[in-house]
Amino acid sequence: MNTQVVIIPVTLIIVLQRLGYQVMSGGVQCHSECYNGRVTMSVNITWPFTRLCGLQEPASVFFSLLNLLAHVVNVRRFRLSVPPSAPLYWLWCTHAVVCINAWIWSVVFHARDTPTTEKLDYFCAFSMVLFSLIALIVRMLGRRYGYLRQLVCMGGITFFIFHVWYLTKARFDYGYNMKVNVCVGIINGCGWVAWCIPRIHTRSYVRWCGYTVLAAMVTMLLEVMDFPPLLWTLDAHALWHLSTAPLPFMWYRFLESDCLYLLQQSSRPDYKKHI
């Protein structure tokens, strides 16, 4: 959703609302900012969608549910295949909880767009991206540098709290939120690719990590696109959610194989060389 400062006639705002557009002002002081029937305000204008059973964006709701179910199914398989004693087992179980929570709020937000559900969707989506970056660093460190791993986790939690605080203390800064998500996402994606490259020839399962990361980067092209929803239902954002639904099947396949590999290597005296 893009935010712009524009000059809009008051009558046009009323027409847009009648047509089903969502027009939200950011606390406009009408007495000081109105002039000759025009008002300066920050607005978020989304394409109008046809409701289905009361759902504001039914396609995005359905595809978000697919992502949610994909994580539920795959984390269940992960827990059946990987013993709790395996290295990083609980890290990836926590990762699954973070992802499931994020997709729950995605469903809620697309079903009913309010300022509260919008913020929860954005915050939980960012928690998923940030946790993946934290998990990458923890995976790189392995069982070494326990103090450093704790420091990374605490730093990530602190940054997330600051991020939420900054976006809730005043008017929601969509530009800042997008920049932070893009930066963390790029660092995360490049980091996983860099981790995969030296290992992909010696551990065949690592390719599933590479496939997932590269596919996720390609699907992001849909997120930056914008076009009127087909049949007033299917827009670029909904297609993005659809394109990400298969990714957990590749990702958890990598996580499962990696945890079992670490478990097997943990009995070796030179274990630290094989992480």
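The values are calculated or read from the model by the stated rules, or taken from the named source; none is laboratory data. Since the model is a prediction, treat every value here as computed from it, not as a measurement. For neighbour counting, all protein chains shown are included, and Cβ atoms are generated from backbone atoms with ideal geometry for every residue, glycine included.
In table form, for the structure just shown:
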{"quantity": "Enumeration of residues in the range 111-133 that are among the hydroxyl-bearing types (S, T, Y) and part of a loop (DSSP other than H, G, I, E, B)", "calculated": "T114"}
{"quantity": "Filter result for W240 (closer than 27 Å to S60 by Cβ and modelled with pLDDT of 95 or more)", "calculated": "no"}
{"quantity": "Search result, residues across the range 87-117 that are touching a residue at least 40 places away in the same chain (Cβ under 8 Å), touching a helix residue (DSSP H, G or I) at 6+ places or on another chain (Cβ under 8 Å) and not hydrophobic (A, V, I, L, M, F, W, C)", "calculated": "P87, Y89, H95, S106, H110"}
{"quantity": "Cβ pairs under 6 Å, 6+ apart, first in the range 174-199 and touching a residue at least 40 places away in the same chain (Cβ under 8 Å), second of a type in the set (G, A, S) and assigned to a helix (DSSP H, G or I)", "calculated": "N188/S132"}
